[in-house]
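Okay, so here's the structure we're looking at.
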Amino acid sequence: MISVTSLTAPGPLDEERLYWDWYQRLGPGAELLGDVAGATVADLGAGTGERAAYVAAVLGADQVAAIDTSATRVTLGRERYAHVPELDFVHGDAATYLAAAAGSVDVAYSCFGAADFSDPVHLLPAAASGLRPGGTFVLATLAHYEDGAPPAAELRPTEVSVRSSSGSLTTKRRWVLEAAVWEKLLADAGFTGITTEVLRDPGGGDREPPIATTLIRAVRGGS
């Protein structure tokens, strides 16, 4: 095991904008998603839905599916955001949901979510299947392990010690990959127009070690 991590996206969600970096304070914002007004959006690994609620209530998406494998987080999200009618919480696997969506999703994203903890060989083709041609996929993921260990240069996960929303510890597979590996996986899944940047936060002392985020935007190919 390399590090202890959380299954929820770190840091508070700013009410004024979206962030995609680990500490939620650097880099581009909602413009990465494009204009989502009236769109169908999927949040892959949504946790309790803060980000998904922002996309629905502030950005004006017509329908947002907040998908998470944790029944506890889905229940909390439903309670917290019952006032957002465009937001639908889905308890289940993101790849399964996307595979069944069959070209009906305009935008999908994973912010330290399902793409980190799901086999990308299954998830990314499912994302391409669920997105309409020309649809947008955004991935925010660790550029290295939390303890500073480098990302994998080949397609392999690492067992990490995970702290759940209840505070208990378990182990889970996490994919922390070099950007070039993610780019190839996306291209192989049928994505085009792939752009990548790395957001580097120097941190702020012992409680905030330096963390870099790999941020990728891609377009579902085809017509």
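The values are calculated or read from the model by the stated rules, or taken from the named source; none is laboratory data. Just so we're clear, the structure is a prediction, and the values are computed from it rather than from any experiment. Here the Cβ positions follow ideal geometry from the backbone for every residue, glycine too, while neighbour counts run over all protein chains shown. Protein only, heavy atoms only, side chains kept; ligands, DNA and RNA dropped before computing areas. Shrake-Rupley method; radii C 1.70, N 1.55, O 1.52, S 1.80 Å.
Quick notes on this structure:
- The range 60-123: C-alpha gyration tensor shape, a/c 1.5 cut-off, then a/b vs b/c: oblate
- Rolling a 1.4 Å probe across all protein chains gives LYS184 an accessible area of roughly 130 Å².
- Of all DSSP beta bridges in the chain, antiparallel share, percent nearest 5: 50 percent
- Distant-in-sequence amide contacts of ILE211, defined by a placed amide H-H separation under 5 Å and a gap of 5 or more residues or a different chain, comprise ASP201, GLY203.
- A 1.4 Å probe run over the protein chains yields, for the range 133-200, 47 Å² of accessible area per residue, whole-number rounding.
- Straightening the chain between VAL198 and SER104 buys 30.8 nm, computed as 0.36 nm per residue apart minus the Cα-Cα spacing.
- Accessible surface of the chain, 1.4 Å probe, proportion on carbon and sulfur as whole %: 50 percent
- Model label sites at ASP88 and ASP188, defined 7 Å from Cα along the beta-carbon direction, differ in position by 3.2 nm.
- Whether the range 46-204 is rounded, prolate or oblate, judged on the alpha carbon gyration tensor where a/c under 1.5 counts as rounded: oblate
- Cα gyration tensor category, rounded, prolate or oblate, for the range 116-223 with a/c compared to 1.5: prolate
- FRET efficiency for the pair THR75 and SER161, taken as 1/(1 + (r/R0)^6) with r the Cβ-Cβ distance and R0 = 22 Å, rounds to 0.35.
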